[in-house]
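Each remark here refers to the structure printed beneath this line.
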Amino acid sequence: MKRIQYHQYGGPEVMRLEEFEPAPLGADEVLVRVRAAGVNPMDFGIRAGRMKMVTGRSFPRAMGYDFAGVVEAVGDRVTRLHVGDEVLGGPPMKSSGAFAEAVVVPEKRVVRKPANLSFEDAATLPTAGVTALQALITKGRLRPGQAVFVHSCLGAVGRSAVQIALAHRATVAGSCRDTARSEAAALGVDPVVDFDFEPASLAGRFDLVLDAGGKYSLPIKAARTMLKPGGGIVSVAPTPANLARSFLPGPYQVLVTQPVTEDIAEVARAAGQGTLRLPIARTVPLSQAIPALTELEQNGTAKRGKLIITP
Ligand SMILES: NC(=O)c1ccc[n+]([C@@H]2O[C@H](COP(=O)([O-])OP(=O)(O)OC[C@H]3O[C@@H](n4cnc5c(N)ncnc54)[C@H](OP(=O)(O)O)[C@@H]3O)[C@@H](O)[C@H]2O)c1
């Protein structure tokens with residue numbers, strides 16, 4: 001079988017499409033034949049060695065996190081999933097391995113795929129959907145009728161957050177690139193402002209500010225200006241400085257996404273009900289994925305939707 005892997009941390013040039021043998025199945029693991037894999041900014045960061053503390057120093061290391069596919073084998077203690085089930089999920093960051101023909105994953109990180117969702121659409125969702133859900137609901141405690149501002153509302157996390165917040169009957173405002181404002185408005189974002197908006201124009205209006213900008217984070221002072229009394233700020237950029245700040249008293253929290261089974265299932269359910277979808281910008285076969293990954297990484301962020309890899 002083939003997968004994209006690398007033999008040292010580094011830039012796009014370290015990626016190789018090579019043969020591999022899937023690891024022997026643990027009792028709580030499933031082997032999934034990958035039908036589609038979704039690309040996230042973190043895939044590049046992990047390969048660059050920015051998560052070395054977690055991912056360690058043994059090579060070759062596999063790449064890729066989000067996948068959808070079909071269960072091909074199950075470990076002895078697996079009870080929820082069966083051979084032939086259509087599923088979606090993500091392996092632990094340490095093993096990764098979704099940009100592959102097959103991947104071994106703990107059962108708890110995999111849920112059934114709704115029948116009306118294609119493998120490609122399903123593979124767009126695990127990381128972005130769960131991150132948005134946990135940022136809004138687990139950390140942000142968003143309630144129906146509240147007002148949320150989503151900074152960077154057309155990225156995968158931001159766009160997921162807009163849809164999840166609207167489904168929770170919150171009102172959603174947000175920021176995006178000036179040229180994409182009509183797209184955000186069509187999603188239900190109102191008002192839509194561009195990335196360089198003036199926070200004072202939105203002073204005191206929001207119960208929750210969700211900063212989905214990652215490396216383009218909103219200054220905390222700007223987010224504070226926009227809060228109602230008692231409102232909260234949730235960032236999805238867990239840098240050491242942001243994590244340290246989140247321990248100080250005040251409204252600022254940082255999310256490190258936890259791939260909890262119930263939350264992956266909730267994201268899958270929302271997608272099956274049609275309330276959560278992410279656009280796909282481009283689908284490439286595994287044999288052409290390295291040039292596509294390289295181009296995406298060098299162009300900065302995903303434009304017009306997800307890059308999907310199909311073995
Ligand atoms: N905390 C966690 O555990 C966790 C989990 C998942 C993701 N994340 C992080 O969340 C961030 C977003 O992820 P994603 O999957 O949504 O990425 P994405 O799909 O690539 O979206 C990034 C967005 O940033 C926008 N952007 C570009 N320039 C900007 C600016 N100056 N100000 C604000 N936004 C700007 C892009 O807009 P254009 O397309 O118009 O350029 C794009 O919509 C990443 O940093 C990712 O690493 C964190």
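Read-outs: derived from the displayed coordinates by stated rules, not from any lab. No experiment lies behind these values; they were computed from the predicted model shown. Note that each Cβ is placed from the backbone with ideal geometry, even for glycine, and that neighbours are counted across all protein chains shown.
Phi angles across the range 123-135 convert, under the Karplus curve 6.51 cos²θ - 1.76 cosθ + 1.60 with θ = phi - 60°, into 3J(HN,Hα) values of 6, 6, 9, x, 6, 5, x, 5, 4, 5, 4, 5, 5 Hz, Gly and Pro given as x. Across the range 220-232, coupling constants 3J(HN,Hα) worked out from phi with the 6.51/-1.76/1.60 Karplus curve, θ = phi - 60°, read 4, 4, 5, 4, 4, 4, 7, 7, 6, x, x, x, x Hz, and Gly and Pro carry x. When the chain is treated as a Gaussian network with alpha carbon springs shorter than 10 Å, the biggest mean-square fluctuation among A167, A48, A23 belongs to A23.
Distance between the 7 Å Cα→Cβ label points at S201 and S118: 3.7 nm. Is the shape of the range 166-213 rounded, prolate or oblate, going by the alpha carbon gyration tensor and its root eigenvalues a ≥ b ≥ c, with a/c under 1.5 for rounded and a/b larger than b/c for prolate? Oblate shape, in that a/c is at least 1.5 and b/c is the bigger or equal ratio. Give the residue list of chymotrypsin sites (Phe, Trp or Tyr not before Pro) in the range 211-311 that are DSSP loop and have at most 16 other beta-carbon atoms within 10 angstrom. In loop regions of the range 211-311 (DSSP not H, G, I, E or B), the sparsely surrounded chymotrypsin sites (Phe, Trp or Tyr not before Pro) are F247. Here is the list for the range 126-173: trypsin sites (Lys or Arg not before Pro) lying in DSSP coil, each with at most 16 other C-beta atoms within 10 angstrom of its C-beta, are R141, R169. In this rough spin-label picture, where each label sits 7 Å from Cα along the Cβ direction, the I137-E18 distance is 4.1 nm.
Gyration tensor analysis over the Cα atoms of the chain returns equivalent ellipsoid semi-axes of 33, 20, 18 Å (largest first, whole Å). Pairs over the 30 Å Cα-Cα cut-off, from the set K2/K215; K108/K221; K94/K228; K2/K94; K52/K221; K113/K221: K2/K215; K108/K221; K94/K228; K52/K221; K113/K221. 3J(HN,Hα) along the range 37-42, derived from phi through the Karplus expression 6.51 cos²θ - 1.76 cosθ + 1.60 where θ = phi - 60°, amounts to 10, x, 9, 10, x, 5 Hz, with x in place of Gly and Pro. If the chain linking F247 and K2 were pulled fully straight, counting 0.36 nm for each residue of separation and taking away their Cα-Cα distance, it would gain 83.9 nm. The gain in end-to-end length when the D194 to D28 segment is fully stretched comes to 55.1 nm, 0.36 nm per residue minus the alpha carbon separation.
The mean sequence separation of alpha-carbon pairs under 8 Å and at least six residues apart, normalised by the residue count of the range 128-254, gives a relative contact order of 23 percent. Taking only the Cα atoms of the range 128-254, the radius of gyration and Dmax are 12.9, 38 Å. Once C-alpha pairs closer than 8 Å and six or more residues apart are averaged by separation and normalised to the residue number of the chain, the relative contact order reads 19 percent.
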